[in-house]
Amino acid sequence: MNLPIVAYGNRILKQKCIKIPENSQEVRDLITNMWETMENASGCGLSSSQIGNPLQLFIVDSCTIFENFDTEDQLVYFEKNDRGIHETFINANIIDYSAEIWEDYEGCLSIPGLSQKVKRSWAITIEYFDKDFNRQVKTFSGMTARVIQHEYDHTQGILYIDHLKPLTKKLMESKLKKIATGNINTGYGMKFS
């Protein structure tokens, strides 16, 4: 089921999400709906808080990013033999961040039409449960690590704009107000406060 995406300004986006206690059919249905919603919005990641459900759950599709990049960009944004991931993250916890930092543009389905450069670690190690509730501990790098960090932040009640310098955020204020009040057009359904 394709669900509306919660827009900037809704308090749920600033909440720290709660852990998922068990492998239930309800969670499996939610994951299916999240993939459909994200793909309909042409996104590369989505957290459950963005569809109004504050659980520690997010999905990442960096395969599509890899496929849409030309060969030169693939070499810049992805490590050798990395073709991206199509993965579900339940109760995730980033346990290590690389010292190497890089800056690149990020956007967000909850903040449509805006993007800014954000500093992130090049690589991370994360522990999580996959869609079948199997425990995983993996290291990701480049663009995949960036998308994971962005979505993980959502589970902590953090938006990418929270990483920006105060002046940069101030310059975005009028556009953010338009988003919060629903004064925008997107190609996907949204839910406003």
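The values are calculated or read from the model by the stated rules, or taken from the named source; none is laboratory data. What you see is a predicted model; the values in this text were computed from it and never measured. All accessible areas refer to the heavy atoms of the entire protein, side chains included, with ligands and DNA or RNA removed. Shrake-Rupley method; radii C 1.70, N 1.55, O 1.52, S 1.80 Å.
Report in % the part of the accessible area of the chain that belongs to carbon and sulfur, leaving out ligands and nucleic acids; probe 1.4 Å.
48
Let me test this: with uniform point scatterers at the alpha carbons of segment 1-97, what is the Debye-based log₁₀ I(q)/I(0) at q = 0.11, 0.13, 0.20 1/Å?
Calculated log10 I(q)/I(0) at the listed q: -0.39, -0.53, -1.04.
Just subtract the alpha-carbon distance of K191 and K119 from 0.36 nm times their residue separation and send over the number in nm, one decimal.
Net length gain for the segment: 23.1 nm.
Could you compute how fast the chain diffuses translationally, taking Rh as the Kirkwood radius over C-alpha pairs and applying Stokes-Einstein at 4 °C with viscosity 1.567 mPa s? Give it in µm² per second.
Diffusion coefficient, whole number: 76 µm²/s.
Can you work out ³J(HN,Hα) from phi for every residue in segment 106-113, in order, using Karplus 6.51 cos²θ - 1.76 cosθ + 1.60 and θ = phi - 60°, giving whole Hz and x for Gly and Pro?
In residue order, the calculated couplings are 10, x, 8, 4, 7, 10, x, x Hz.
Kirkwood Rh and Cα-based Rg: tell me the resulting Rg over Rh for segment 83-191, rounded to two decimals.
Value, to two decimals: 1.01.
Using the heavy atoms of the protein chains alone and a 1.4 angstrom probe, what is the accessible area of segment 57-193 per residue in square angstrom?
52
Which whole-number percent of Cα pairs in segment 47-140 have a distance greater than 17 Å?
It works out to 62 percent of all Cα pairs.
Please list the non-local residues whose amide H lies under 5 Å from the amide H of L3, H modeled 1.01 Å from N, same-chain partners needing a gap of 5 or more.
Here the answer is T37, since their amide H atoms fall under 5 Å of that of L3.
Under 30 Å Cα to Cα from K131, which lysines show up? Leave out anything in the same chain fewer than 8 places away.
Once the sequence-local lysines are set aside, what remains near K131 is K14, K16, K19, K80, K119, K191.
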